[in-house]
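The structure appears right after this line, and notes come after that.
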Amino acid sequence: VGDDYYLINSTFAFYPGIPVFHSRDLVNWKQIGNVIDRPDMMPFDGNWLGNNGVYAPQISYHEGIFYVINTCIRCGGNFIVTAKNPAGPWSKPIWLPHIDGIDPSLFFDDDGKVYIIHQGGPPQKRYDAHTAIWLMEVDPVTFAKRSDDVVLVDGGDKAPWHTEYIEGPHLYKIDGQYMVLAAGGGTGYYHGELAYRSSKPFGPYT
């Protein structure tokens, strides 16, 4: 945002959650706040460490508002919080029951449309590690559903790289082309980043 950079990271079931860091040079960082800093914001009761709580959050900025979209495992699913100042205070969560899976990411297109890209189960599961990347258009204010959830990348497709456990997607628009960047292969030996390109947000992607 201008000359300012902001970074957030996973905190699972620790409280306060999702620290916000600020930098001017991408080298020196200072924590300026936490996204989850009030007990009523997120129902962590009964959660435990491991693959629970909040992880893989994304921070965005659009027309004077900061957005964090994330998943809270075992406490409600996917949600969005907003703030005018990244140091806080952040709003109460807007829950997204129409967004399945994990790792959601917001994308604001230059035509005013807003999309949520996320990981989810495939239309037809063919093996245990088979996952997919989905995209839905949502209302720019309420984030209510505006389109069907559409599969962009099926992790079961045969390819000379690892698409199993495909997750952590982000959508970008570069020189008029839509780009999907996602992690493939899980967190083990074969983990890598996969990039896909299309002329339209809903694809097809190559």
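Looking only at residues in the stretch 72-82 that are of a type in the set (A, V, I, L, M) and buried (at least 18 other Cβ atoms within 10 Å of the Cβ), the one that is nearest to residue 16 (Cα to Cα) is 81.
Considering (1) among the hydrophobic types (A, V, I, L, M, F, W, C); (2) outside any loop (DSSP other than H, G, I, E, B); (3) under 15 Å from residue 89 (Cβ atoms); (4) within 21 Å of the chain's Cα centre (by Cα), the lone condition that residue 32 does not fulfil carries the number (4).
Scanning the stretch 46-59 for residues that are over 17 Å from residue 92 (Cα atoms) and out of contact with any Asp or Glu (no Cβ under 6 Å at 6 or more places or on another chain) gives 46, 47, 48, 49, 50, 51, 52, 55.
Within the stretch 152-205, the residues that satisfy the criterion of being of a type in the set (Lys, Arg) and touching a strand residue (DSSP E or B) at 6+ places or on another chain (Cβ under 9 Å) are 173, 197, 200. Screening the stretch 160-206 for strands (runs of 3 or more DSSP E) wholly inside it with 2 or more residues that are more than 17 Å from residue 101 (Cα to Cα), of a type in the set (Ser, Thr, Tyr) and modelled with pLDDT of 90 or more returns the ranges 192-198.
Taking the stretch 35-68 as the range and being part of a strand (DSSP E or B) and at positive phi as the test, the residues that pass are 53, 56. Is it the case that some residue within the stretch 30-43 is within 27 Å of residue 200 (Cβ to Cβ) and at pLDDT 95 or above? Scanning the stretch 30-43, I find no residue that is within 27 Å of residue 200 (Cβ to Cβ) and at pLDDT 95 or above, so the answer is no. Answer yes or no as to whether residue 107 is touching a residue at least 12 places away in the same chain (Cβ under 8 Å) and open to solvent by 30 Å² or more (accessible area, probe 1.4 Å). Against the criterion (touching a residue at least 12 places away in the same chain (Cβ under 8 Å) and open to solvent by 30 Å² or more (accessible area, probe 1.4 Å)), residue 107 does not qualify. Answer yes or no as to whether residue 133 is part of a strand (DSSP E or B), among the aliphatic types (A, V, I, L, M) and under 11 Å from the mean Cα position of the chain (by Cα). So residue 133 does not fit the description; no.
For every residue, the table says whether it meets (1) buried (at least 17 other Cβ atoms within 10 Å of the Cβ); (2) hydrophobic (A, V, I, L, M, F, W, C); (3) touching a residue at least 12 places away in the same chain (Cβ under 8 Å).
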| position | (1), (2), (3) |
| --- | --- |
| 59 | yes, yes, yes |
| 62 | no, no, yes |
| 66 | yes, yes, yes |
| 70 | yes, no, yes |
| 84 | no, no, yes |
| 90 | yes, yes, yes |
| 94 | no, yes, yes |
| 97 | no, no, yes |
| 103 | yes, no, yes |
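Select from the stretch 39-69 the residues that are within 17 Å of the chain's Cα centre (by Cα) and of a type outside the set (A, V, I, L, M) and list them in ascending order. Residues satisfying the conditions are 51, 52, 53, 55, 57, 58, 60, 61, 62, 66, 67.
Just a yes or no: is a residue in the stretch 9-23 touching a residue at least 24 places away in the same chain (Cβ under 8 Å), hydroxyl-bearing (Ser, Thr, Tyr), under 24 Å from residue 101 (Cβ atoms) and open to solvent by 10 Å² or more (accessible area, probe 1.4 Å)? Yes, some residue in the stretch 9-23 is touching a residue at least 24 places away in the same chain (Cβ under 8 Å), hydroxyl-bearing (Ser, Thr, Tyr), under 24 Å from residue 101 (Cβ atoms) and open to solvent by 10 Å² or more (accessible area, probe 1.4 Å). Taking strands (runs of 3 or more DSSP E) as the structural unit, those lying wholly within the stretch 76-127 and holding at least 3 residues that are at pLDDT 95 or above and closer than 15 Å to residue 149 by Cα correspond to 102-108, 114-120.
What are the residues in the stretch 119-173 that are touching a Gly at 6+ places or on another chain (Cβ under 6 Å) and either open to solvent by 60 Å² or more (accessible area, probe 1.4 Å) or among the small types (Gly, Ala, Ser) (or both), if any? Matches in the stretch 119-173: 120, 126, 132, 162, 165.
The values are calculated or read from the model by the stated rules, or taken from the named source; none is laboratory data. Predicted, not measured: the structure shown is a model, and the values here were computed from it. Counting neighbours? That spans all protein chains shown, and the Cβs are built from the backbone with ideal geometry, glycine included. Quick note on the areas: whole protein, heavy atoms, side chains included, nothing else; ligands and nucleic acids left out. Shrake-Rupley method; radii C 1.70, N 1.55, O 1.52, S 1.80 Å.
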